[in-house]
Amino acid sequence: MSSVGIIGGGLGGLAAAATLAARGHRVTLLEKNDWLGGKAALLEEDGFRFDMGPTILTMPRVLERVFSEAGRRMSDYLDLRRLDPQWRCFYDDGTVLDLRDDPKDAAAEIGRLSPPDRAGFERFMKVADRLSDVSDRFFFWRSVEDLRDTMNLKQNMTLATLSDVMALRMHRTVAGQIKKDIRDPRVQQMLEHFIQYVGSSPLASPAVLCGIAQMQQGEGVWYPMGGTRAVPTALTRLGEELGVDYRTGVDVSAIEVENGRAVAVVADGERIVFDRIVSNMDSVRTYRELIGGNAWRDFGHAKREAACSGVVLYLGLDRAYEHLAHHNFVFSRDPKEEFQAIYDRGEPAPDPTAYIAAPARTEPGVAPEGGEALYVLVHTPHLRPGHDWSRMLPPYRRTILDKLKRTAGMADIEDRIRVERVLTPQDIHDRYKVLDGAIYGLVSHGRVNGAFKPGNRSRQVRNLYLAGGSAHPGPGMPMALMSGWIAADSLHQDATANTAAE
Ligand SMILES: Cc1cc2nc3c(=O)[nH]c(=O)nc-3n(C[C@H](O)[C@H](O)[C@H](O)COP(=O)(O)OP(=O)(O)OC[C@H]3O[C@@H](n4cnc5c(N)ncnc54)[C@H](O)[C@@H]3O)c2cc1C
């Protein structure tokens, strides 16, 4: 079996490490920070506990598959609770709409707000179900870089394949698909926000990504007791049991390539030789900063833009807001204005959508008694030249708090704040070495190619594999975990094919 070096201990890196170790490889994971889990980091202060990055966990079956690689049960490592409602939505006109866990209840709730949209939602979910099924069969669990990798169109154009291709609705955007089925702008706005899981605009993303709605409505929203942070903690424990050598505080500055093959990494002046390498660092920065040369020229040829970034306020409150659910969206007054500002003009939205996590609803211990560990995330553009968040933050913090006061019934929020910390796009950029401060890897814009990301088996460098939110199948916890599994599986296939040939 191979000796494998993994650069980065985000969810993709940890999933790859555990999978590879379970299959018998010798794994060393090098992480520049002094914690493992990357963006799934933790902040604790004065009795408040905050997940710093991801808070909404969907598709736990992906995580389950990583544990099952080693013959373990995920439930022995994680206590997951299914949430209902999945989201509570607050609108500028005072409407409150719950997205319920059971699709029938969700349709009924939507129908109470807008009667024709009950059936419209059911139609939309049928389409989402079909798209999710096509994704499962052609897109997930293997290294994919473009349409050619998904379906063998030339050799295998059967009626069934043709019907799958048609189902992808390549002429349509996410927003276009939703408009086709849903009339009420508030319901449209809620459904458009599924695409925020990949940090992209519904006006520019391909309709196939409507499948995300089914992945959440069909499979639930889950909360790991102990917070999302419990996920990397569980994966790290699994890897430890399987013999993974974790080294934190190690910043990799280069991948050495000889005769087109990755052979070693350089970290803090030391050269460490491996048979194969997995990079969980941002894919663009891996090629640009760690490899360079022809490989970077070839990879960098395709224009790749970062997905959106964001500002997070971590607010420790001395009194809870009981009208909040665990997950809440406080919607902008005008989604078009919001998306055009963030994605077209590259400016923070004047009246943004704020996502609020109030995990005390499920786990009261996250705050001192009666209090609230509030997490407020507002999406912003990825970093552009001239963006200086030390200057931009104070007025934008005010915009965000005013929004919560106006639209989410939190008029006295400033009186309740006991602890306040913040994460800016610049912090995200520096802490996790991502592309232009992106939260969700690469943007998913483009009706035909928007869903495709760099594949997990490098086309440019042999024995190099990519895992993480900026590689296939994309960002978000389940996809980053899946990318780690795919990178590990591709590596294992190559390593065992080589052994068989010897
Ligand atoms: C504020 C915020 C909110 C989010 N909310 C959600 C959510 O609710 N639900 C959801 O599903 N997803 C959410 N996400 C997205 C999700 O967190 C990410 O898609 C996922 O965690 C990314 O995992 P990754 O494997 O790409 O690794 P990352 O988390 O990006 O970690 C990469 C790791 O590699 C390390 N590294 C990079 N370069 C080097 C180097 N040269 N040498 C050594 N180490 C290196 C970094 O330090 C880092 O630890 C959110 C993200 C953020 C930031």
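Bear in mind these aren't lab numbers, they're just calculated from the coordinates by the rules spelled out. Note that this is a predicted model, so its numbers are computed, not measured. Cβ sites come from the backbone with ideal geometry, for glycine too, and all protein chains shown count toward neighbours.
Quick notes on this structure:
- Compactness of the chain, taken as the C-alpha radius of gyration over 2.2 N^0.38 Å, stands at 0.95.
- Counted over the chain, the DSSP beta bridges are approximately 70% antiparallel.
- Charge dipole (debye, nearest 20) of region 100-221; +1 at Cβ of Lys and Arg, -1 at Cβ of Asp and Glu: 420 debye
- Relative contact order for the chain, counting Cα pairs under 8 Å that sit 6 or more residues apart, in percent: 25 percent
- Cα gyration tensor shape for region 100-221, rounded if a/c is under 1.5, else prolate or oblate: prolate
- Computed lengthening from E420 to R406, 0.36 nm per intervening residue step minus Cα-Cα distance: 3.0 nm
- Its Cα centre serving as origin, the chain has a Cβ charge dipole (Lys and Arg +1, Asp and Glu -1) of approximately 1340 debye.
- Lys/Arg +1, Asp/Glu -1 at C-beta; region 306-432 dipole; positive extreme among T353, V330, P395: P395
- Ranked by how many other beta carbons lie within 10 Å on average, peptides 12-19, 307-314 from highest: 12-19, 307-314
- Size descriptors for region 306-432, from the alpha-carbon set: Rg then Dmax equal 14.7, 44 Å.
- Neighbours of L43, meaning other residues whose beta-carbon lies under 9 angstrom from its beta-carbon, give a summed charge of -1 when Lys and Arg score +1 and Asp and Glu score -1.
- Using C-alpha pairs under 8 Å with a sequence gap of at least 6, the mean separation divided by the residue count of region 306-432 gives a relative contact order of 39 percent.
- Size of electric dipole in region 306-432: Cβ of Lys, Arg +1 and of Asp, Glu -1, about Cα centre, debye, nearest 20: 160 debye
- Taking only the C-alpha atoms of region 347-490, the Rg (one decimal) and the largest Cα-Cα distance, Dmax (whole number), read 18.8, 58 Å.
- The stretch between D101 and R384 holds 98.1 nm of extra length on full extension. This uses 0.36 nm per residue minus the Cα-Cα distance.
- A cut-off under 11 angstrom between Cβ atoms defines the neighbours of V96, and their net charge, with Lys, Arg +1 and Asp, Glu -1, is -1.
- Sequence-distant contacts, meaning Cα pairs under 8 Å at least 6 residues apart, place the relative contact order of region 100-221 at 35 percent.
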